[in-house]
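The structure appears below as structure tokens.
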Amino acid sequence: MRHPTARKARLFGWVRAGEKTRRGISSDQKRKREEHAMSARRLISCIAALLLLTAAGAMATTIDVSQPVKVTDSTYYERGQSIIYDGTNYWLFYGRSATEQGWFHAGNPNADPDINDYEVHYKTASTVSGLAGATAVKVPGAGNVNGYLGETGAAYFGGEVWTFATIDIGATADVYGWYYNGSSWTEVASIATGLSDGAAHHDEIAFGTDLFVLIRRGADFFTMHSPTPKTGGWTSEVGVGAGGGGLAHFFEDEGYLYLAVLKSPAPRENQIHKYDSGT
């Protein structure tokens, strides 16, 4: 019975010894400790003041932005812009109506821009601001007529600039593509077919080694992709699972591919869908 009792006595003794040592601190040691504590408090106060000054300076920083800048100058209605950068130049694509002129809300209140007679045009410049003064050019190709609502898409894939539009071919619409090889344009017809001419929404993006295309069929969204879009090789269409119509656009973040979807029926739900290459 002595051994357990002795262990308790030794443990208790250490605790008490520590307390006695603290009570036995000399006045010089106590004074030094107080001085160190005071210095630490002053240092903390200085750091806090510096942070406050830095934050106040950041809040007071003025960021200048321009007023809206007109970058196109046609009298015909233009809409559906998309822009990409190829490492040297910026490319602005947009649809221009073949018939509607004037400003829908003011200059020509009877104008109807929601028609399918748009043609894809583009401007290119080494800077964004340079696009304003660049010359507008129509993308060449027999299929570049009757574009749905002026919607365009753009991607930089395989070292080449691509642009896209859904072309009204009667009761339905097809997705067309055009790519630029550095000297001339080539048209790739009917990448996707049979879209409703009343909801032929689309979007495109280069991701990994493939070119991805989004289309809307009825109230649902579907995607397809190909490593060889010039000659085909498209996968079967994959449903996104959003439903309910609306609009959707690709975006890439930290190596993952996503779709941002705005469903059109009330309450206009927003969704984010992540692409899973395994499924």
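The values are calculated or read from the model by the stated rules, or taken from the named source; none is laboratory data. Remember, it's a predicted structure, so these values are computed and weren't measured experimentally. Here Cβ is always computed from backbone atoms with ideal geometry, including for glycine, and neighbour counts include all displayed protein chains. These accessible areas exclude ligands, DNA and RNA; they are computed on the full protein's heavy atoms, side chains included. Shrake-Rupley method; radii C 1.70, N 1.55, O 1.52, S 1.80 Å.
Please verify whether GLY182 is over 27 Å from ILE272 (Cα atoms), over 25 Å from the mean Cα position of the chain (by Cα) and open to solvent by 40 Å² or more (accessible area, probe 1.4 Å), treating the condition exactly as stated. Spell out the reasoning first.
Numbers: over 27 Å from ILE272 (Cα atoms): yes; over 25 Å from the mean Cα position of the chain (by Cα): yes; open to solvent by 40 Å² or more (accessible area, probe 1.4 Å): yes.
Judged against the criteria, GLY182 is a match.
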Margin query: Just to be sure before I move on: is GLU204 open to solvent by 50 Å² or more (accessible area, probe 1.4 Å) and of a type in the set (Asp, Glu) in the structure I sent?
Written below: no
Next item on the list: Say whether the condition of being of a type in the set (Gly, Ala, Ser), part of a strand (DSSP E or B), at pLDDT 95 or above and more than 27 Å from the chain's Cα centre (by Cα) is met by at least one residue in the range 146-161.
Entry: no
Check: What number of residues within the range 207-218 satisfy the criterion of being closer than 22 Å to THR172 by Cβ and open to solvent by 20 Å² or more (accessible area, probe 1.4 Å)?
Finding: 3
Notebook entry, point to check: Taking VAL120, is it modelled with pLDDT of 95 or more, open to solvent by less than 50 Å² (accessible area, probe 1.4 Å), within 17 Å of TYR179 (Cα to Cα) and β-branched (Val, Ile, Thr)?
Noted result: yes
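Of all residues in the range 181-216, which are in a loop (DSSP other than H, G, I, E, B) and on the phi > 0 side of the Ramachandran plot?
As a first pass, look at the range 181-216 and keep what is in a loop (DSSP other than H, G, I, E, B): 181-184, 197-201, 208-209.
Those that are in a loop (DSSP other than H, G, I, E, B) and on the phi > 0 side of the Ramachandran plot: GLY182, GLY208.
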Next item on the list: Answer yes or no as to whether GLY95 is outside any loop (DSSP other than H, G, I, E, B) and either over 25 Å from the mean Cα position of the chain (by Cα) or in contact (Cβ under 8 Å) with a residue 40 or more places away in the chain (or both).
Entry: yes
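Could you list, in sequence order, the residues of the range 250-279 that are among the hydrophobic types (A, V, I, L, M, F, W, C) and either open to solvent by 80 Å² or more (accessible area, probe 1.4 Å) or touching a helix residue (DSSP H, G or I) at 6+ places or on another chain (Cβ under 6 Å) (or both)?
Taking the range 250-279 as the starting set, the residues that turn out to be among the hydrophobic types (A, V, I, L, M, F, W, C) are 250-251, 257, 259-262, 266, 272.
Hits for the range 250-279 are ALA266, ILE272.
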Next item on the list: State yes or no: is ASP197 open to solvent by 40 Å² or more (accessible area, probe 1.4 Å) and either under 18 Å from the mean Cα position of the chain (by Cα) or not polar (S, T, N, Q) (or both)?
Entry: yes
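Only one of these is of a type outside the set (A, V, I, L, M) and within 25 Å of SER277 (Cα to Cα): GLY194, GLY177, GLY147. Name it. Steps first, answer last, please.
Details: GLY194 fails: within 25 Å of SER277 (Cα to Cα); GLY147 fails: within 25 Å of SER277 (Cα to Cα).
After ruling out the rest, the residue left standing is GLY177.
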Next item on the list: For the range 156-176, state whether one or more residues are out of contact with any Asp or Glu (no Cβ under 7 Å at 6 or more places or on another chain), closer than 20 Å to TYR94 by Cβ and open to solvent by 20 Å² or more (accessible area, probe 1.4 Å).
Entry: yes
